[in-house]
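What follows is a short report on a single structure.
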Amino acid sequence: MKRRFPVDWRIRWTVVAAVVTYLTLGVATSQTAAPWCDEAWFANPAFNLLHGGRMATTVLEPTGHYRHPQGIQEYTYWIMPLHIMAQVPWYAVFGFGIVSLRRLSLCWGLLGLAAVFEFVRAVSGRPVLAAIALALLSCDFVYLSTAATGRMDMMSAALGLGALAVYARLRESAPRLALLAAHCLVAAAAFTHPVGGMVSLIALLVASWRDTARRGWGSLLLAAPPYLAGALAWSLYISQRP
């Protein structure tokens, strides 16, 4: 008789193969892709914060343009702060450089894959579908190229996907915690890249629409604190050189 592996083992091997494929293609892309000006612009404030204690963008001339405002060589808020903050400990451990920056994005991509797997598994109740979704995403050109680029896009996407996964996992057992934790992650996505935050917020609102209507719209008050806390902290920083 022909031996057949149990379904659980096939799922595990699919997940392992998908992760190996993602890492192989992602590392190869991060090693060979041409440098991009954005990678220098977005790495520079973190480098200066790590070595000079100031989140300054010193590779751009302060021309007065909205992307190059006066004071940019002292304070940086033309981009959102969390990607910069994530780079600082990363460089402290792994060193500074374009490959190091891109590897940070690859790690966020891994978290994004895990979030997609968990979200599909929680929503469908079928780990097989979750493994298929993971396998397809692990070799998607746009996902891989984003994960191999030293920008904040993959970090923002991973946080947004994580919000959906956390909500789907906790929505029945701990609905209040699910809502608060998911919106914390969406707020983090927004303070990494505003577009990622908006997309993540819309996705979460759609995913939680029926639950919110059933439990009462007052439950949305739990969503406000993360956004208010982030806005307050960011405003305090900006107020130093508005």
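The values are calculated or read from the model by the stated rules, or taken from the named source; none is laboratory data. Note that the structure is a prediction, hence the values are computed from the model and not measured. FYI the Cβ positions are ideal-geometry reconstructions off the backbone, even for glycines, and counts take in every protein chain you see. All accessible areas refer to the heavy atoms of the entire protein, side chains included, with ligands and DNA or RNA removed. Shrake-Rupley method; radii C 1.70, N 1.55, O 1.52, S 1.80 Å.
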Quiz item: Residues in region 48-70: is at least one in a helix (DSSP H, G or I) and closer than 17 Å to Thr149 by Cβ?
Solution: no
Quiz item: Tell me, which residue of region 226-238 that is exposed (fewer than 12 other Cβ atoms within 10 Å of the Cβ) and more than 14 Å from Met55 (Cβ to Cβ) is nearest to the chain's Cα centre (by Cα)?
Solution: Leu228
Quiz item: Quick one: what pairs do we get from region 66-91, first residue under 24 Å from Tyr227 (Cβ atoms), second surrounded by fewer than 20 Cβ atoms within 10 Å (Cβ to Cβ) and β-branched (Val, Ile, Thr), C-beta under 7 Å, 6+ apart or different chains?
Solution: Tyr77/Ile238
Quiz item: From Ala178, Ala163, which residue is within 28 Å of Phe42 (Cα to Cα) and either open to solvent by less than 30 Å² (accessible area, probe 1.4 Å) or charged (D, E, K, R) (or both)?
Solution: Ala163
Quiz item: Phe96: open to solvent by 20 Å² or more (accessible area, probe 1.4 Å), in contact with a helix residue (DSSP H, G or I) (Cβ under 9 Å, 6 or more places away or on another chain) and part of a loop (DSSP other than H, G, I, E, B), yes or no?
Solution: yes
Exercise. Identify all residues within region 198-239 that are part of a loop (DSSP other than H, G, I, E, B) and closer than 22 Å to Ala158 by Cβ; write none if there are none.
Key: Ser208
Exercise. Could you tell me whether Cys107 is closer than 30 Å to Ser235 by Cα and within 16 Å of the chain's Cα centre (by Cα)?
Key: yes
Quiz item: If you scan region 129-142, which residues turn out to be in contact (Cβ under 8 Å) with a residue 12 or more places away in the chain, touching a helix residue (DSSP H, G or I) at 6+ places or on another chain (Cβ under 6 Å) and open to solvent by 20 Å² or more (accessible area, probe 1.4 Å)?
Solution: Ala133, Ala135, Leu137, Cys139
Self-check item: Options Pro35, Pro45: the member that is in a helix (DSSP H, G or I) and under 25 Å from Met85 (Cβ atoms)
Solution: Pro45
Quiz item: What number goes with the only condition from (1) at pLDDT 95 or above; (2) closer than 24 Å to Asp38 by Cβ that Arg241 does not pass?
Solution: (1)
Quiz prompt | Residue list for region 128-172, filter: farther than 18 Å from Ile11 by Cβ and not in a helix (DSSP H, G or I) | solution = Asp140, Ala148, Thr149, Gly150, Arg151, Met152, Arg171, Glu172
Exercise. Only residues that are crowded, with 19+ Cβ neighbours inside 10 Å and touching a Phe, Trp or Tyr at 6+ places or on another chain (Cβ under 9 Å): list them for region 42-51, please.
Key: Ala43, Ala46, Phe47
Quiz item: On the given criteria, is Pro242 on the phi < 0 side of the Ramachandran plot, more than 18 Å from the chain's Cα centre (by Cα) and not in a helix (DSSP H, G or I)?
Solution: yes
Quiz item: Name the pairs whose Cβ atoms lie under 8 Å apart, with the first residue in region 31-55 and in contact (Cβ under 8 Å) with a residue 60 or more places away in the chain and more than 14 Å from Gln73 (Cβ to Cβ), the second assigned to a helix (DSSP H, G or I) and open to solvent by 20 Å² or more (accessible area, probe 1.4 Å), and 6 or more positions between them or separate chains?
Solution: Gln31/Val99; Ala33/Ser145; Pro35/Ile98; Glu39/Ile98; Ala43/Ile98
